[in-house]
């Protein structure tokens, strides 16, 4: 049986080494996980229970505004609040890599719960976990590399979600 710490090392060995490439490749994983989770939730529970989408304020806005908000600015800001700060604080108190990812994902999901409801919280907990994994998996290269990996994962996730997944179901 593998030690708990090895799952991060094993997963990292198969991903690109460059932080941006790693983040972008992980964005595919996050879109898949969050789409499956959202699909299961919406098939299982009434929409009234689940709440709306976290990005409802973007409906009706021009494409450039949506891209700038969701693919550029949100990842830059939300990575500081959702990954960098909680992961670095947890690191300072000696939390394991797995615990840092769980703490970060939980905070990320809770942040989206307030703007989108239960479905958004569950989906963004999963996506936030992938972004946190991107951050933690390159942490030995420094905070800057970790930040870029998580921002890239988040930006790629939002771009794929907004410009590929959502149009498929609209």
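Largest first and in whole Å, the equivalent-ellipsoid semi-axes of the chain read 26, 18, 15, each the square root of five times a Cα gyration tensor eigenvalue.
Multiplying the residue separation of residue 61 and residue 43 by 0.36 nm and subtracting their alpha-carbon distance yields 3.7 nm. All Cα-Cα separations within segment 111-170 were binned at 10 Å from zero, giving a P(r) of 24, 41, 29, 6, 0, each value a whole percent of the pairs. Rounded to 0.05, the FRET efficiency of the residue 85 and residue 118 pair, given R0 = 35 Å and the Cβ-Cβ distance, is 0.90.
No value in this document is a laboratory result; all are computed from the given coordinates. Note that the structure is predicted; figures quoted are calculated from it, not measured. Counting neighbours? That spans all protein chains shown, and the Cβs are built from the backbone with ideal geometry, glycine included.
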